[in-house]
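Working notes for the structure below.
The values are calculated or read from the model by the stated rules, or taken from the named source; none is laboratory data. Every value quoted in this text rests on a predicted model; they were computed, and no experiment measured them. Positions of Cβ are generated from backbone atoms using ideal geometry, with glycine treated the same way; all protein chains shown enter the neighbour counts. Protein only, heavy atoms only, side chains kept; ligands, DNA and RNA dropped before computing areas. Shrake-Rupley method; radii C 1.70, N 1.55, O 1.52, S 1.80 Å.
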Amino acid sequence: MEQTFIMIKPDGVQRGFIGEIISRFEKKGFSLKGLKLVKVDRPFAEKHYADLSAKPFFNGLVEYIISDPVVAMVWEGKNVVATGRKIIGATNPAESAPGTIRGDLAVEVGRNVIHGSDSVESARKEIALWFPEGIISWQSSLNQWIYE
Ligand code: IDP
Ligand code: MG
């Protein structure tokens, strides 16, 4: 089954959206496979966002991510990478549809509350980076009511 890496950014934690965000993924029918509150250091944040190192906003982005704790999660389910991105909404909250997390809870691109892997390959890399200890293997007893 497909897995994705989801991170509630420091603004999402500070604004009290941990429960709200977890609830949206749970209600959809996805399964939580990894969860921790962590404050990451600069080298770690730079590694997570390495693909964006040439962008003008890179330094501000790293400062934002290391400023306070984040919630790191692994969610599992059919098409969870692409569907997770839809639940999250467009990168810039000004363009995120109402009903999406960023569309409902954020205003600016530099404070957009949540990260989600953009492909199955980046999910694999991000899960390995954020959960080197591995994740717990369990199956939801509701799967028979979510999958046919
Ligand atoms: P994504 O989070 O929707 O995948 P990316 O392009 O991967 O978007 O960018 C990573 C993060 O960098 C965004 O979520 C946002 O916090 C920040 N970011 C992206 N573009 C800008 C920008 O133009 N100004 C400031 N921050 C940005
Ligand atoms: Mg991205």
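I'm trying to understand the selection: among the residues of segment 1-41, which are hydroxyl-bearing (Ser, Thr, Tyr) and not in a helix (DSSP H, G or I)? Across segment 1-41, the qualifying residues are 4, 31. Could you list, in sequence order, all residues of segment 29-39 that are exposed (fewer than 15 other Cβ atoms within 10 Å of the Cβ) and either out of contact with any Pro (no Cβ under 6 Å at 6 or more places or on another chain) or of a type in the set (Gly, Ala, Ser) (or both)? Within segment 29-39, 36, 38 qualify. Inside segment 89-104, residues that are more than 24 Å from residue 3 (Cβ to Cβ) and either within 10 Å of ligand 1 (Cβ to nearest atom) or in contact (Cβ under 8 Å) with a residue 60 or more places away in the chain (or both) make up a count of 2. Do we find that residue 43 is open to solvent by 50 Å² or more (accessible area, probe 1.4 Å) and free of Cβ contacts under 8 Å to residues at least 40 places away in the same chain in this structure? So residue 43 fits the description; yes. Counting residues in segment 65-73 that are touching a Leu at 6+ places or on another chain (Cβ under 8 Å), away from ligand 1 (no atom under 12 Å from the Cβ) and open to solvent by 30 Å² or more (accessible area, probe 1.4 Å) gives one or more. Criterion applied to 86, 78 was being of a type in the set (D, E, K, R), touching a residue at least 40 places away in the same chain (Cβ under 8 Å), more than 30 Å from residue 43 (Cβ to Cβ) and surrounded by fewer than 18 Cβ atoms within 10 Å (Cβ to Cβ), and the one residue passing it is 78. Could you please find all residues in segment 107-121 being in contact (Cβ under 8 Å) with a residue 40 or more places away in the chain and either more than 12 Å from ligand 2 (Cβ to nearest atom) or of a type in the set (S, T, N, Q) (or both)? 110, 111, 112, 113, 117, 120, listed by residue number.
Take the residues of segment 110-138 that are over 25 Å from residue 20 (Cβ atoms) and open to solvent by 100 Å² or more (accessible area, probe 1.4 Å): which is farthest from ligand 1 (Cβ to nearest atom)? If we take residues in segment 110-138 being over 25 Å from residue 20 (Cβ atoms) and open to solvent by 100 Å² or more (accessible area, probe 1.4 Å), then 137 is farthest from ligand 1 (Cβ to nearest atom).
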